Each structure stands twice: as structure tokens, then as C-alpha cells.
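Bear in mind that the values in this text are calculations on the coordinates, not laboratory data. None of the values given here were measured: they were computed from a predicted structure. Neighbour counts are summed over all protein chains in view; Cβ atoms, including those assigned to glycine, are modelled from backbone coordinates with ideal geometry.
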Number of protein chains: 2
Amino acid sequence: MATAEIITIGTELLLGQLVDTNTAAIASALADAGIDVYRETSVGDNADRIAQALREALERADAIVCAGGLGPTVDDLTREAVAAATNLPLDLDQGVLDDLRAWFASVGRRMSPNNARQAMFPRGSTILENPKGTAPGFSLDLGDKIIVVMPGPPREMQPMLRDHVIPLLTSKFELQSVIATRVLRTAGISESEVDARINDLFRAGVNPSVAVLAHLGEVDVKLTAKAKSREAAYALIDQLEPEIRKHLDDHIFSSNGASLAEALGSSLRGRRWSIAVAESCTGGLLGAMITSAAGSSDYFRGGVIAYADEAKIKLLGVTPSLIEQHGAVSEEVAAAMAVGAKESLHSTVALSITGIAGPGGGTKEKLVGLIYIGFATDAGVEVKRLQMVGDREAVRHRAAINALMIGWRAAK
Amino acid sequence: MATAEIITIGTELLLGQLVDTNTAAIASALADAGIDVYRETSVGDNADRIAQALREALERADAIVCAGGLGPTVDDLTREAVAAATNLPLDLDQGVLDDLRAWFASVGRRMSPNNARQAMFPRGSTILENPKGTAPGFSLDLGDKIIVVMPGPPREMQPMLRDHVIPLLTSKFELQSVIATRVLRTAGISESEVDARINDLFRAGVNPSVAVLAHLGEVDVKLTAKAKSREAAYALIDQLEPEIRKHLDDHIFSSNGASLAEALGSSLRGRRWSIAVAESCTGGLLGAMITSAAGSSDYFRGGVIAYADEAKIKLLGVTPSLIEQHGAVSEEVAAAMAVGAKESLHSTVALSITGIAGPGGGTKEKLVGLIYIGFATDAGVEVKRLQMVGDREAVRHRAAINALMIGWRAAK
């Protein structure tokens with residue numbers, strides 16, 4: 001199994017002026033090719049420190065994949081650093097120099113002497129074409145190890161990675177295995193609960209591997225399989241998926257990349273149901289999520305943002321005495337809101353949310369984070385009570401996600 | 001001059017499943033505090049490899065700032081790795097354990113045995129509070145060196161970095177120059193237009209420095225001053241701010257960290273105005289943004305998500321012939337929606353949005369991204385027509401931001 005390290009180079013990375021997206025792009029491409037990455041490093045535009053990072057990486061990994069520091073300015077020192085780390089001289093490549101001169105002539109610009117530095121490469125390098133810029137990349141085969149260097153701008157790096165670097169590494173390390181992944185997206189369950197239910201399935205080094213990734217209100221379970229062919233890799237995933245579903249089936253809303261709003265949408269479409277919403281503390285967030293799916297006008301009728309009590313009474317027909325008796329945040333009002341939305345908007349089903357998003361508004365009996373979600377159908381109305389955690393944003397987000405899950409479960 | 005290294009931890013980083021934004025956020029905060037960063041490293045969820053990276057970093061730098069691997073799962077190994085790298089045992093912190101238990105009890109959830117791991121810290125650690133999650137951070141002072149560990153989710157990491165880590169490092173290394181920053185937040189103007197209006201103010205190495213950072217629909221102008229005292233640094237910023245305002249005043253909605261929704265809220269509160277919304281293509285997003293501000297029930301009455309035409313007619317009183325004649329995406333319908341929301345919800349003012357968010361629904365006359373925003377007051381109703389660019393999410397987000405700006409300008 002070949003291993004790689006990624007080194008990104010640029011003082012702007014160390015100053016936090018730029019988020020490094022190259023590392024993730026390279027890591028993802030290497031993972032897909034079946035190359036393990038154990039470490040990623042960023043260093044500044046300093047030849048000694050780049051060379052030191054290269055020497056250390058060569059001790060540990062088979063392939064060192066670098067990006068950055070190939071520009072024409074005096075700050076661009078990756079060529080010099082690779083030469084220093086490998087004790088090789090820099091040679092001028094006449095072909096590249098001629099190409100550079102021709103390119104500058106063709107755009108009517110004067111080539112500065114600095115630009116000639118872009119034609120210098122450590123002895124023995126293979127030059128990697130850069131159709132998007134003036135800085136070619138290069139690879140330096142050291143026998144059992146290899147160093148690859150690409151330019152830093154993502155639009156120059158990405159095609160070079162795909163067209164030259166991945167094929168080069170696949171051939172160098174005779175990689176035969178293909179990687180396939182499938183993400184089972186879940187909601188309505190915490191990361192630690194997912195973990196507790198399936199942690200016997202993720203033992204280190206097992207194929208397929210299982211990883212759990214938490215987002216706000218959602219948890220992804222990612223299955224990754226390695227095999228000789230794409231078909232064989234997916235067959236391994238197909239074998240494992242039922243094992244996961246046994247423990248999580250009621251929470252897995254998609255396995256094809258669809259968002260929860262999209263999964264709800266296709267279930268509603270399948271049943272030819274329409275939906276409406278009535279929102280208090282979420283203020284429109286549930287509607288915004290439902291309509292984040294393209295084509296949601298097929299099933300979404302609309303809704304009422306019933307923030308003030310008057311809106312609940314006037315637009316949703318909630319009886320004032322219900323609010324007086326039980327409070328606006330109550331099972332009774334959630335039920336009346338859902339029924340009111342269904343009736344006003346003539347939908348098949350309707351979801352309502354009322355709760356205390358915080359930071360203010362909590363009492364001893366009704367804590368911040370208390371949420372009631374109503375779901376009205378022709379058969380009647382059901383209300384779910386939840387106690388959410390987190391700040392205002394998290395409570396509102398999780399409330400909306402839980403409401404979507406209730407709709408999805410009913411329609412699926 | 002103190003030096004630091006940043007280590008981010010998580011196998012998802014090595015697989016390229018996640019772009020590491022924490023490194024840039026930490027690097028930028030360290031740079032502002034006057035701490036030099038020479039290297040950034042990412043390693044996976046493997047205790048030996050984390051410990052190895054820590055040992056190497058301790059050889060080179062004064063402060064090691066880490067993020068990630070503090071969760072409750074068996075994959076979260078940063079605590080163990082720090083203990084191994086420093087040859088210290090892990091101790092249970094009873095206070096943290098009690099807090100964890102109390103927290104799980106308060107939300108009515110079962111605490112899994114795994115969660116107790118979050119109360120283990122290398123001996124001698126100072127615990128860093130995490131108001132946004134269950135994983136506290138910690139710092140470990142080793143005399144001339146210090147290790148700091150924060151949780152990986154950016155929304156948990158960022159407040160801990162700002163409120164605990166930077167003050168800790170500033171005091172530990174007796175950093176004398178004080179950094180003050182002020183962010184002038186703008187909307188309704190593009191990044192390149194902001195740049196063109198004030199670019200004579202950002203020369204390299206000048207104090208205060210000026211940086212422009214674009215978000216979806218908003219552009220921040222960040223002023224950073226260095227001086228011997230907090231007062232002197234803010235005095236420098238106070239001198240520069242009017243220069244910036246000369247060029248951008250009508251777009252700067254806050255200089256105190258307030259979001260656009262919060263700035264709108266305090267303007268509405270100041271005038272004792274209430275507001276309501278009527279939304280078509282944004283589906284509730286404008287209401288969700290307005291209610292993202294705590295205390296918005298003081299001025300937000302509610303709204304109607306009028307996705308289907310029937311909702312526009314029935315709940316907002318839009319005349320059917322208006323929709324037939326001009327289409328649901330038209331100046332006339334936007335005006336009628338705003339007036340309808342103002343009347344139904346008895347608010348002082350009302351905003352409406354109707355448009356084509358895409359990807360479908362565009363025509364030759366009405367392109368995807370066409371948005372009408374209505375604003376109704378006692379004096380009448382005005383409609384603004386905008387042609388947005390970007391995908392469905394960007395169009396909807398920018399439409400809502402532009403509507404907020406119209407409300408804010410009227411109320412400020």
C-alpha cells in the first residue's frame with residue numbers, strides 16, 4: 001500500500017489570509033486512487049523550511065505531493081527547496097524557456113528575467129504541463145520515492161492533479177484497487193447514539209470502512225470500500241449497508257446524496273401529497289429548508305410565520321383561549337397551528353413548530369430549547385415534544401430538521 | 001517573538017472529505033496577536049501519529065495550538081495523544097463530569113459511557129469552557145512551552161479561540177503590542193465595487209491595515225491597528241473609519257459585530273416600528289433571517305410564505321387578475337404582497353419577495369435570478385427590481401439580504 005504526504009506552500013496560508021482548499025482536493029483524489037495519506041503540512045515561502053518539511057516527509061511516505069511556490073517572484077522557492085532536499089542541482093530546461101518566451105511574445109508582454117526561473121527544475125525532473133498558467137509542475141522520481149510539485153492556484157493545480165499526477169502515481173505504484181463510497185445520511189439521532197449503535201462495525205483496517213461525520217442536526221455514515229473493480233467495490237458496500245440499516249433504518253433518509261429536504265420532496269411527490277407549514281420560533285426556517293429543494297413548488301403550498309399570537313389567531317384560526325390556557329408554546333397550540341395551516345393552505349399534510357429558541361423566554365416549567373412539532377393529516381394531528389440543546393441558532397436548526405424528519409417518515 | 005504551530009486533527013481531513021477552515025482562522029488570530037506561525041500540520045485520528053506530530057512541533061515552536069479529536073467517540077484521541085507526547089497521565093475532572101451529567105439530565109438524554117471520556121485531561125491542564133458543545137478544550141502549560149487543544153467544529157472552536165486561547169497566549173508570552181480590530185459590515189454592494197472605492201487605503205505595511213472579506217451577499221471591511229495600548233489602537237481605528245465611511249456609508253450596516261438582522265432589529269426598535277413579511281421564492285428565508293436576532297418578537301409580527309398562487313390570493317389578498325395579467329413574478333404582485341402582509345399582520349412596515357430562484361422557471365423576458373422586493377409603509381409601497389446571479393441558494397440568500405437592507409435603510 002503506497003502512502004503519501006501533502007505539503008502546501010505559501011506564507012499567506014500561515015497568516016490565515018487564505019483557506020487551503022488544495023489539501024482537501026489532493027487528499028480526496030489520492031484516497032480515490034487508493035493511496036493513504038497520513039499527514040498534511042503547510043509551510044511558508046522559505047527555502048530552508050520547505051526543504052526541512054520535504055526531508056521529514058521523505059522519511060515517512062512514498063509520495064510527496066506539493067502545491068505552491070512555483071510562481072515567478074523571488075518569494076517562490078519550492079524549486080530551490082526540492083533541489084536542496086534531494087541534493088540535486090537545478091537545470092535550465094530550454095524547451096520550457098522557449099515556450100515561456102513564445103507565450104509572452106504571443107500576449108505582447110515583456111518577459112521579466114524572473115520568469116526564466118520557471119524554466120529551472122531539479123536534475124532528472126519530468127515536466128508536467130500547465131495549460132492554465134505559466135508555471136509548469138514537475139515530478140522527481142527517486143526510485144522508491146517520488147516528489148510531485150504543482151502550482152498553488154486551484155484552477156491550475158486541479159487539472160494537473162487529475163490529468164498528470166494521479167495517472168503518474170497510479171502507474172508508479174501499480175495501484176489496482178478502486179475506491180467506492182456511499183453516504184447514508186441520518187437525522188433525528190445524535191452522533192454518539194449513532195456511534196453506540198454501530199461501533200462494532202468500524203474496526204480499523206476493515207474493508208469496507210465506516211466513518212461517522214456529524215453536522216448540525218444530521219449525522220452522515222460513510223461507507224468506503226476498496227476492490228479490484230468499481231463493481232466489486234460497490235458489491236462490498238451493498239453487503240454492508242443492510243448491517244447499518246438494521247440499527248439505523250428509521251433515521252436514514254438518503255443514500256444517494258439527496259438532502260433531507262430533497263428526500264422529503266421525493267417522498268411527497270411519490271404519494272402526490274402537498275404540504276404546508278406554520279412556524280413560530282423558527283420564523284420561516286422550515287419553509288426555507290423545504291424550498292431549498294429545486295422544484296419544491298410541485299408539493300409545497302406555503303405557510304404562515306405566526307410569530308405574534310395575533311398571527312396564530314388570525315391566519316391559522318388558533319382559538320385565543322387555547323393560548324391563554326396553555327401558552328403559545330404548548331402541545332395544544334402546536335396541534336391547532338398544524339391543523340390551521342392544513343386548512344388555510346388546502347394541503348394534504350401540514351407541519352407546525354412552536355418553541356422557545358432562547359436565549360430569553362425560558363421558565364422553570366418550559367426551558368429554553370423546548371419545542372413542539374405538530375403534524376396534521378386527514379386522519380388527525382399528532383404532536384411531538386422535544387427538548388433541544390445549544391444556542392438559538394442550533395435550537396432553531398434542529399427543530400426544523402426534526403420537523404422535516406417527521407414529514408419524511410410519514411411520507412416515505 | 002513567540003512562535004506557534006497549528007495542528008488540526010481528523011481522518012476526514014486526510015481523506016479530503018472536509019476543507020480545513022480552522023487552520024486559517026487560528027493562523028489569522030495568531031498573526032493578529034503578534035505570534036509567528038511557521039508550520040501547520042494535519043494528522044488523522046491515530047494516537048501515535050498525533051503524539052508524534054506534537055513531539056516534533058514542541059521541538060520547534062513555543063505554542064502548539066490544536067483543534068479536533070475531542071468528541072465522545074473512540075475515534076477521538078487527542079486527549080490521549082497529548083498525554084503520551086508529554087508523558088503525563090490522564091486525570092478525570094470531577095467538575096467537568098458533573099457538568100456533563102447535569103447537562104445530559106437537563107435535556108433528558110442518557111449519557112453514554114463514552115461521553116465520560118470528555119472529562120479526562122492530561123494532568124495539570126487548565127480547562128477551557130465550551131458554551132457551544134459538550135467537549136471542553138484545555139491548555140497545558142509546560143513552562144517555556146504551551147499546548148492548547150480546542151474542539152474541531154468551527155462554531156465551537158471560534159469562540160474558544162477568541163475568548164480563551166488568544167488572551168491566554170497574549171498573557172503567557174507577554175505580548176506587548178495590542179491589536180484592535182473593527183469590522184465595518186456592508187451589504188448591497190459587490191466586493192469589487194468596495195475594492196474600487198477604497199483601494200487607495202490599503203497599502204502594505206500601513207497601520208491600521210484594511211482588509212476586504214466577501215461573504216455571500218455581504219462584504220466585510222476589517223480595520224486592524226497595532227499600538228501599545230487598547231486605547232491607542234482604537235484611536236487609530238477611530239481616525240481611519242470616517243475615511244472608509246466617506247465612500248461606503250450607505251452600505252455599512254454595523255461596526256459593532258451586529259448582523260444585518262440585528263442592525264435592522266435595533267433600527268426598528270428605535271422607531272417603535274413592527275414588521276411583517278410575504279415571501280414567495282425565498283420560502284421563509286427572510287423571516288428566518290429576521291428572527292435569527294434574539295428578541296425579534298419585539299418587532300416581528302410574522303409573515304406569509306405565499307409559495308402557491310392560492311396562498312398569495314387567500315392569505316395576502318392579492319387580486320387573481322393581477323397574477324394573470326402580470327405573472328406571479330412582477331412588480332405589481334410584489335407590491336400587492338407587501339401591502340397584504342402589512343394589512344393582515346397589522347405591522348408598521350412590510351417586506352415582500354417574489355422571484356425566480358431557479359434552476360427552472362426562467363423565460364426569455366424573466367431570467368432565472370430576477371427578483372422583485374416590495375416595501376410597504378403607511379405612505380405607500382415601493383418595489384425594487386434586481387437581477388441576481390448564482391445558483392438557487394445564492395439567489396435566494398442575496399434576495400433576502402437585499403430585502404433586509406431595504407428595511408434597514410428605511411428604519412435607520
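Counted over segment A:260-411, the DSSP beta bridges are approximately 60% antiparallel. Sparse packing (at most 13 other Cβ atoms within 10 Å of the Cβ) combined with a DSSP loop state is found for the following trypsin sites (Lys or Arg not before Pro) in segment A:234-342: A:R272. Dividing the convex hull volume of the alpha-carbon atoms in the protein assembly as shown by its residue count gives 183 Å³ per residue. Subtracting the Cα-Cα distance of B:D378 and B:N256 from 0.36 nm times their residue separation leaves 40.8 nm of extension gain.
Computed over the Cα atoms of segment B:260-411, pair by distinct pair, the Kirkwood hydrodynamic radius stands at 14.9 angstrom. Copy-to-copy label distances for A:G257, where each label lies 7 Å from Cα along Cα-to-Cβ, are 4.0 nm in order of increasing length.
For segment B:322-412, the set of GluC sites (Glu not before Pro) satisfying both a DSSP loop assignment and a count of at most 13 other C-beta atoms within 10 Å is given as B:E365. Relative to the Cα centre, the charge distribution of segment B:178-254, modelled as +1 at Lys and Arg Cβ and -1 at Asp and Glu Cβ, gives a dipole magnitude of about 400 debye. Label point of B:H326 (7 Å along Cα→beta-carbon): distances to the other copies' equivalent points are 4.1 nm, sorted ascending. With contacts taken as Cα pairs under 8 Å and at least 6 residues apart, chain A reaches a relative contact order of 11 percent.
Arranged from fewest to most other beta-carbon atoms within 10 Å of their beta carbon, A:S139, B:S125, A:S292 become A:S292, A:S139, B:S125. Think of segment A:57-154 as having a plus end and a minus end, set by charges on the Cβ of Lys, Arg, Asp and Glu; of A:A85, A:A105, A:A135, A:A105 sits farthest toward the positive end of this dipole.
For segment B:223-274, the percent of C-alpha pairs falling in each 10 Å distance bin, counted from 0 to the bin holding the largest distance, reads 22, 37, 31, 10, 1.
Expected output is a single nm value to one decimal: the length gained when fully extending between B:D220 and B:R385, i.e. 0.36 nm times separation in residues minus the C-alpha distance. What is it? Present the calculation step by step, with values, prior to reporting the outcome.
Working: separation 165, 0.36 × 165 = 59.40 nm, distance 2.45 nm.
Additional length available on full extension: 56.9 nm.
Between A:Q176 and B:W273, take the C-beta separation as r, use R0 = 60 Å, and let me know the FRET efficiency to the nearest 0.05. Efficiency computed from Cβ-Cβ geometry: 0.30.
Per residue of B:274-284, how many C-beta atoms from partner chains lie within 10 Å of its own C-beta, taken as a mean? Don't skip to the answer; put the middle values down first.
On the way: counts 1, 0, 4, 4, 1, 7, 3, 2, 4, 16, 17.
Across B:274-284, the average partner-chain Cβ count within 10 Å equals 5.
Selection among B:N199, B:I189, B:A211 by position relative to the dipole of segment B:178-254 gives B:A211 as farthest towards the positive end (Cβ unit charges, Cα centre).
For A:R60, go 7 angstrom from Cα along the Cα-to-Cβ vector, then report the distances to that same point in the other copies in nm, smallest first. Distances to the matching label points in the other copies: 1.1 nm. For the protein assembly as shown, the dipole from Cβ point charges (+1 on Lys and Arg, -1 on Asp and Glu) about the Cα centre works out to 1520 debye, to the nearest 20.
So what is the diffusion coefficient of chain B in µm² per second by Stokes-Einstein at 37 °C and 0.692 mPa s, using a Kirkwood Rh over Cα pairs? Translational D for this selection: 135 µm²/s. Computed from the C-beta positions of A:D144 and A:H326, the FRET efficiency with R₀ = 56 Å rounds to 0.15. Using C-alpha pairs below 8 Å separated by at least 6 residues, the relative contact order for segment A:58-177 is 29 percent.
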